[in-house]
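Presented below is the structure to which this report refers.
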Amino acid sequence: MFGSEGFRKGKYRKATREVVRAVEASIDKLEIRKDTLAYTFGRRLRAALSGCDNNSDSRTFCKEAVMVIDQMIQHYKKQLNSPKARDYEAETEEVIAFFKEKASGAVQKITGSGAKYKALKLMEEVGISDARKRFRQYPFEFSGGMRQRIVIAIALAADPDILICDEPTTALDVTIQAQILELINKLKENRHLSILFITHDLGVVAYMADRIAVMYAGKIVEIGTCEEIFYAPAHPYTWALLSAMPDVESKERLEAIPGTPPNMLHPPVGDAFAERNQYALKIDFEKEPPMFEISKTHRAATWLLHPDAPKVEPPESIVRRTARRKEG
């Protein structure tokens, strides 16, 4: 927020009001009286703003903001040390005890030898050969694929119902990638797991997923079954992703997505993808689209699905690729 191009009073005044509201909300949650802390914060902040003009260096404002935050911290420390204040330490211990009690039922009570036995079984389950020898080795003695197997074993130690895999095949060669994906599918079947797979690799998505959620700028823009997303995509961003996906059966040139992702510190008005979307409508720059239902399992957040929107067909490259996939 504090750039070196100078302080723009109107812009930062608006941002400051939002910060004040957020801080005041936190104060309420912390049960600290606003007539002491919030008043000091507001007064110092107003003084900082009123002393700045369009030619002022933004570092002045930064300095004042740091002062304000420091005052907040000092005030909170005084509140904690005050004899009239609530016994926060006792309350904290009470909360911790409560969560310990609730969590104790889920914690596996196990001895040292039992833990070793379970670790060895898990290592064997994820395909680590000679588990007893490997058990005493350090991570640098393992290959990339073996380290990934160990990470999966650690995740399975608590017998979860859901396994979250965030880019599990990144930095692995193609052969090892295939082995890891095969392992995850095998574990899913044997343990009846649900897998949440997070990846940028559409090839992996096509191989692994039953349902797909396409995200852009931190929000889901399209969600559907694997068949719906790959064979009947509805959102322009999904079209762009599929157009950029290599296809060995085609000599068509891959399409790059123009522009850059938006700065989410300053989110754009309307549809976050509008600036990069060649099919964008005027309303895309004014209002964020809701999710439109295409079927019971397929939805997309694009104004192109509005009943009053002009009819827009997917790019020809997407239509041809979809036809080839269906034939294959």
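Any read-out appearing in this document is the output of simple, stated calculations on the displayed coordinates, not a laboratory observation. Not measured: the values here are computed from a predicted model. With ideal geometry, Cβ positions are generated from the backbone for all residues, glycine too; neighbour counts draw on all protein chains shown.
Modelled label positions at Phe99 and Thr297, each set 7 Å beyond Cα in the direction of Cβ, lie 3.8 nm from each other. With R₀ set to 51 Å, the beta-carbon distance separating Ala158 from Ile69 gives a calculated FRET efficiency near 0.85.
Taking the Cα centre of region 234-280 as origin and assigning +1 to Lys and Arg Cβ atoms and -1 to Asp and Glu Cβ atoms, the resulting dipole is close to 100 debye. Taking Cα centre as origin and charging only the Cβ of basic (Lys, Arg, +1) and acidic (Asp, Glu, -1) residues, the dipole magnitude of region 128-230 rounds to 600 debye. Modelled label positions at Lys186 and Lys326, each set 7 Å beyond Cα in the direction of Cβ, lie 3.7 nm from each other. For the pair Lys109 and Ala213 in one chain, pulling the backbone fully straight at 0.36 nm per residue adds 33.7 nm over the alpha carbon distance. Extension gain, Lys311 to Ala206: 0.36 nm times the residue separation minus the Cα-Cα distance gives 35.0 nm. On full extension, the segment bounded by Lys133 and Arg253 gains 38.2 nm, given 0.36 nm per residue less the C-alpha separation. The Lys121 and Ala232 beta-carbon pair, evaluated with R₀ = 30 Å, returns a calculated FRET efficiency of approximately 0.10. From least to most packed, judged by other beta carbons within 10 angstrom and beginning with the fewest, Leu304, Leu196 follow the order Leu196, Leu304. Counting every other Cβ atom within 10 Å of each residue's Cβ, Phe142, Phe197 order from fewest to most as Phe142, Phe197.
Put in line by how crowded their Cβ is, counting other Cβ atoms within 10 Å and starting with the fewest, Ile198, Ile318, Ile128 read Ile198, Ile128, Ile318. Using Cβ point charges alone (K and R +1, D and E -1), the dipole size of region 210-327 about the Cα centre works out to roughly 140 debye.
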